[in-house]
Amino acid sequence: MRFDIFSPYSVIIALLIYLVLALSGTLMGIRGLRLPSWLSVLYMVLGASIFILGAYMSGRIRTEKPASPGNPRETLLVLLVTFGIILQALNLYLLGGIPLLSGYLKARAVTKIWLLSYLIFLPSINMLLAAYPRRRYCIPLILGATLFALTGYRTTVVVILLSGIITIYYSARPSPRQMGLLLSALAIVAISVGYIAVKSIEWQTWTLNPLELLLYRAGYTLMVFDRLLDHQGATAGKLLYYTLTGYLHSTDPRAIVGEAVLGYRHSTTSLIFGPPLLDFGLPAMVIQMFLLGLILGLMHRIQISLNGIFTGIYSVILAHTLIWVETGPTDLVVWLFYMVAVISIIYVLWRCYPETGGCG
């Protein structure tokens, strides 16, 4: 049996890698980065431990294999993927340019059309790759990732490609060499899109090279988290409120993080632990990390048993959670995907509940 590199515990590995990058940038003294306090380390260890506990406890919940609900028709999934791609192309057309190359256009790129396109394309392409693992379906994956990359948001294209890689890992079972090539390509794309987007911001005056920019972003996020610990509970639920309603109010929840922690309104990342601490303090972080570990753990076991669309759902939420290691859970769209995962878990648990006569 091969080692499962995309189990829920990959989130902890991603966190460790991110911290290595952050500390590397800090020790290099890039743009005045400072080392975190021991209190920050303690909070991160606690948060990671609670996540591991949640993932471990998921194994104590009965999820024997029920009868599979079947997969959506291949034609339907292809149509949904195509529709998502068309919507994103339309979004770029209406913007009148390429946001990746303009900070002004990038500020207007996340529209309601973008949101609808993302909500349709991302789960559909992963379900398609999971249920019908054919090489030709890598073409719409790459095409969609390219169109979303043109909006200038690094995390979006990384999630699309990373979730696709996770789905391919489980459905097509590529060799270690192939996985290495895929992950290397993903890293190159992520660094390139992030660097081009930053350099294209008209008012940006940074002179960092691509590697320095990567290390600086990581170190900066860690420094923000360190400062955030002095402001626990400061936003009193405001961050959660705008995470859920931000699209209606055109409010970026991460700008609230910047305002509360740094004293000025600036879109700011604060690690996966930051937002719940800023809103409600330590209890919220503990609850969040436990639930994330529990849900990912259950979905991982379910998709191993049932494959198909469940693999697609797992890939989507895991990819987003890996990105949350840096950005924090301040995205409505991701919580919507988590809601789909919870509904899937409830379905499987209901089928496996003793009163139903067992699974199957």
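Exactly one residue out of SER267, SER315 is polar (S, T, N, Q) and either crowded, with 22+ Cβ neighbours inside 10 Å or touching a Pro at 6+ places or on another chain (Cβ under 8 Å) (or both): that is SER315.
Criterion first (outside any helix (DSSP H, G or I) and over 15 Å from VAL224 (Cβ atoms)) does ASN91 satisfy it? Against the criterion (outside any helix (DSSP H, G or I) and over 15 Å from VAL224 (Cβ atoms)), ASN91 does not qualify. Look at (1) modelled with pLDDT under 95; (2) part of a helix (DSSP H, G or I) and you find that PHE121 fails only one, number (1).
Considered as a group, the residues in region 133-145 that are over 18 Å from ALA89 (Cα atoms) and surrounded by 17 or more Cβ atoms within 10 Å (Cβ to Cβ) include one that is modelled with the lowest pLDDT, and that residue is PRO133. Regarding LEU42, is this residue surrounded by 13 or more Cβ atoms within 10 Å (Cβ to Cβ) and among the hydrophobic types (A, V, I, L, M, F, W, C)? Taking the combined requirement at face value, the residue does not satisfy it. Only one of the listed residues (ILE309, ILE272) is surrounded by 22 or more Cβ atoms within 10 Å (Cβ to Cβ), more than 17 Å from the chain's Cα centre (by Cα), under 20 Å from SER163 (Cα atoms) and touching a residue at least 24 places away in the same chain (Cβ under 8 Å). That residue is ILE309.
Scanning region 130-166 for residues being of a type in the set (Ser, Thr, Tyr) and either within 17 Å of VAL334 (Cα to Cα) or touching a strand residue (DSSP E or B) at 6+ places or on another chain (Cβ under 7 Å) (or both) gives a total of 4. Contact map, region 34-61: first residue touching a residue at least 60 places away in the same chain (Cβ under 8 Å) and within 30 Å of TYR347 (Cβ to Cβ), second residue among the aromatic types (Phe, Trp, Tyr) and assigned to a helix (DSSP H, G or I), Cβ cut-off under 9 Å, separation 6 or more or different chains; pairs are ILE50/PHE290; PHE51/PHE290; LEU53/PHE290; GLY54/PHE290; MET57/PHE290.
Restricting attention to region 146-161, the residues that are farther than 22 Å from THR82 by Cβ and at pLDDT 95 or above add up to 1. Picking from residues in region 194-233 that are of a type in the set (A, V, I, L, M) and outside any helix (DSSP H, G or I), the one that is nearest to THR268 (Cα to Cα) is ILE201.
If only residues of region 78-114 that are without any contact (Cβ under 8 Å) to a residue 24 or more places away in the chain and touching a Leu at 6+ places or on another chain (Cβ under 9 Å) are counted, the one that is surrounded by the fewest Cβ atoms within 10 Å (Cβ to Cβ) is GLY96.
On the basis of being assigned to a loop (DSSP other than H, G, I, E, B) and within 25 Å of PRO276 (Cα to Cα), does ARG2 make the cut?
On the way: assigned to a loop (DSSP other than H, G, I, E, B): yes; within 25 Å of PRO276 (Cα to Cα): no.
So ARG2 fails the test.
Looking only at region 170-193, decide whether some residue is assigned to a helix (DSSP H, G or I), free of Cβ contacts under 8 Å to residues at least 40 places away in the same chain and more than 29 Å from PHE3 (Cα to Cα). Yes, the conditions are met somewhere in region 170-193.
Residue pairs, Cβ under 7 Å, 6 or more apart or interchain, first in region 125-153 and under 24 Å from PRO69 (Cβ atoms), second in a loop (DSSP other than H, G, I, E, B) and not charged (D, E, K, R). List them. Taking only residues 6 or more apart or on different chains, the pairs are MET127/PRO72; ALA130/ASN307; ALA130/GLY308; ALA131/ASN71; ALA131/GLY308; PRO133/ALA172.
Highlighted here are the helices (runs of 4 or more DSSP H) found entirely within region 247-345 that include at least 1 residues which are closer than 20 Å to VAL11 by Cα, out of contact with any helix residue (DSSP H, G or I) (no Cβ under 6 Å at 6 or more places or on another chain) and modelled with pLDDT of 95 or more: 282-306, 309-327. If you go through region 115-132 and keep only what is crowded, with 19+ Cβ neighbours inside 10 Å and of a type outside the set (S, T, N, Q), you end up with TYR118, ILE120, PHE121, LEU122, PRO123, ILE125, MET127, LEU128, LEU129, ALA130, ALA131.
The values are calculated or read from the model by the stated rules, or taken from the named source; none is laboratory data. Just so you know, these numbers come straight off a predicted model, no measurement behind them. Cβ coordinates were reconstructed from backbone atoms using ideal geometry, including for glycine residues, and neighbour counts include every protein chain displayed.
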